[in-house]
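A single structure is presented below for examination.
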Amino acid sequence: MLSPKQRKTLLKYAYDVIYAHLHGTRAEIPYDPSFESQKGIFVSLHKDGELRGCIGYILPYKSILESVHDMALAAAFRDPRFPPLHKDELDKIEIEISILGELIPVNNSAEIVIGRDGLYIDHPQGSGLLLPQVATEYGWNITEFLTHLCYKAGLSETALKSSETKLYRFEAEIFSTSDQS
């Protein structure tokens, strides 16, 4: 777990990276040994309570700091669901960072806890991930969570019954700029 100060530092860094990209400058890179560990990371952007971008690494490819840098830029400028962020939107954006824990295979849906677990599905015809906070935000039960996970992966809900499907749960450390006020 990161301290409140470390969380604030990472959120500021994500903001600074996006700001620097929009203004042609460079963000100051914070130093903290904790940021060197490798974790899966998602950066989500919200504007007026609505999703404005969300991209991440499921697996720990890079350090926390490098991942926050890359995913902040990707969420702001490369999420195919949204146009690239404009300068006039930046001060209206809430930044949320999710640091993913280990992927744990799910053998029975009773193992899934709404509010604690995110889900990842891997199937030869598609894969998808929903962060832990998504089910809570939409008030989904486990069945609805699994159904929406399949839809996100471009699969029918029958994919859950396939022997080719791998289903995982994970916990995440989630914090946002709205927590800092």
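None of the figures in this text is laboratory data; all of them are computed from the coordinates on show. Source: prediction; values computed, not measured. For neighbour counting, all protein chains shown are included, and Cβ atoms are generated from backbone atoms with ideal geometry for every residue, glycine included.
Tell me which lysines have Cα within less than 17 Å of Lys152's Cα, excluding those fewer than 8 residues away on the same chain?
Those lysines meeting the cut-off are Lys161, Lys166.
Along the principal axes of its C-alpha atoms, what lengths does segment 4-100 span, in descending order and rounded to whole Å?
Result for segment 4-100: principal-axis Cα extents of 34, 26, 23 Å.
Could you give the dipole magnitude of the chain about its Cα centre, charging the beta-carbon of Lys and Arg +1 and that of Asp and Glu -1, in debye to the nearest 20?
180 debye
Please find the FRET efficiency linking Lys5 to Ile142, where r is the Cβ-Cβ separation and R0 is fixed at 41 Å, and quote it to the nearest 0.05.
0.70
On a 0 to 90 degree scale, rounded to 10, what angle separates helix 4-23 from the longest Cα axis of the chain?
Between the helix axis and the principal axis of the chain, the angle is about 70 degrees.
Next up: According to the square roots a ≥ b ≥ c of the eigenvalues of the Cα gyration tensor, what is the shape class of segment 113-153, taking rounded for a/c under 1.5, prolate for a/b larger than b/c otherwise, and oblate for the remainder?
Taking the square roots of the gyration eigenvalues as a ≥ b ≥ c, segment 113-153 is prolate.
Let me ask something else about it. Can you compute the helix-only [θ] at 222 nm over the chain? Use -39500 (n - 2.57) per DSSP H run of at least 4 residues, normalise by all residues, nearest 500 deg cm²/dmol.
For the chain, the value works out to -9000 deg cm²/dmol.
Ok, one more. Tell me the angle of helix 142-152 to the major Cα principal axis of the chain, expressed in degrees between 0 and 90 and rounded to the nearest ten.
Relative to the chain, helix 142-152 is tipped by roughly 70 degrees.
Largest first and in whole Å, give the semi-axes of segment 58-181's equivalent ellipsoid, each being the square root of 5 times a Cα gyration tensor eigenvalue.
27, 16, 15
Here are some pairs, Lys5/Lys62; Lys12/Lys92; Lys12/Lys62; Lys47/Lys87; Lys8/Lys39; Lys8/Lys62; which of them have Cα atoms lying more than 24 Å apart in this structure?
none
Any idea which of Leu119, Gly24, Leu131 is furthest toward the positive side of the dipole for the chain, if Lys and Arg beta-carbons carry +1 and Asp and Glu beta-carbons -1?
Of the candidates, Gly24 comes out farthest on the positive side.
Using only the Cα atoms, what convex hull volume per residue in Å³ does segment 128-181 have?
87 Å³
Hey, another quick one. Give me Met1, Met71 sorted ascending by neighbouring Cβ count inside 10 Å, so fewest comes first.
Fewest to most other Cβ atoms nearby, the residues stand as Met1, Met71.
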